[in-house]
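Taking it in order: structure first as structure tokens, then the write-up.
The values are calculated or read from the model by the stated rules, or taken from the named source; none is laboratory data. In this text, all values refer to a predicted model and were calculated from it rather than measured experimentally. All Cβ positions, even for glycine, are placed from backbone atoms using ideal geometry, and neighbour counts span all protein chains on display. All accessible areas refer to the heavy atoms of the entire protein, side chains included, with ligands and DNA or RNA removed. Shrake-Rupley method; radii C 1.70, N 1.55, O 1.52, S 1.80 Å.
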Amino acid sequence: MGPNQEWHISCRDVAGRRQDMSVFVNHGRVVIVSPPGETAVLSPLEVGRLRAALRDAVVTAAGTE
């Protein structure tokens, strides 16, 4: 996996603890990994970062097919 094929987005769980979500491309598919066993709570800025990561991952995935 290249350096531009994985993105990390900060978030919090429902208890307010800092967590991370990951977005990466695997065999032309976009994979989202949320905090294990948790719910990700995102601020508006974090949602924007997730959106940007998803957009970049889609472009990367489309280029691998």
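I'd like the full set of residues that are open to solvent by 60 Å² or more (accessible area, probe 1.4 Å) and assigned to a loop (DSSP other than H, G, I, E, B), limited to the stretch 1-24.
Here is the first cut: in the stretch 1-24, the ones open to solvent by 60 Å² or more (accessible area, probe 1.4 Å) are 1, 3-4, 6, 8, 12, 14-15, 17-18, 20.
Matches in the stretch 1-24: MET1, PRO3, ASN4, VAL14, ALA15, ARG17.
Considered as a group, the residues in the stretch 25-40 that are within 21 Å of GLY63 (Cα to Cα) and part of a loop (DSSP other than H, G, I, E, B) include one that is most open to solvent (accessible area, probe 1.4 Å), and that residue is HIS27.
Scanning the stretch 41-65 for residues that are open to solvent by 80 Å² or more (accessible area, probe 1.4 Å) and farther than 16 Å from ARG18 by Cβ gives PRO44, ARG51, ARG55, VAL58, VAL59, GLU65.
Being in contact with a Phe, Trp or Tyr (Cβ under 8 Å, 6 or more places away or on another chain) and modelled with pLDDT of 90 or more is the filter; apply it to the stretch 1-24 and report the residue that is farthest from ALA62 (Cα to Cα). Explain how you work it out, then say what you get.
Here is the first cut: in the stretch 1-24, the residues in contact with a Phe, Trp or Tyr (Cβ under 8 Å, 6 or more places away or on another chain) are 1, 5-7, 22-24.
Checking the rest, the ones that are also modelled with pLDDT of 90 or more come to 6-7, 22-24.
Working: GLU6: 15, TRP7: 16, SER22: 19, VAL23: 15, PHE24: 13 Å.
Step by step, filter the stretch 1-24, then rank; the result is SER22.
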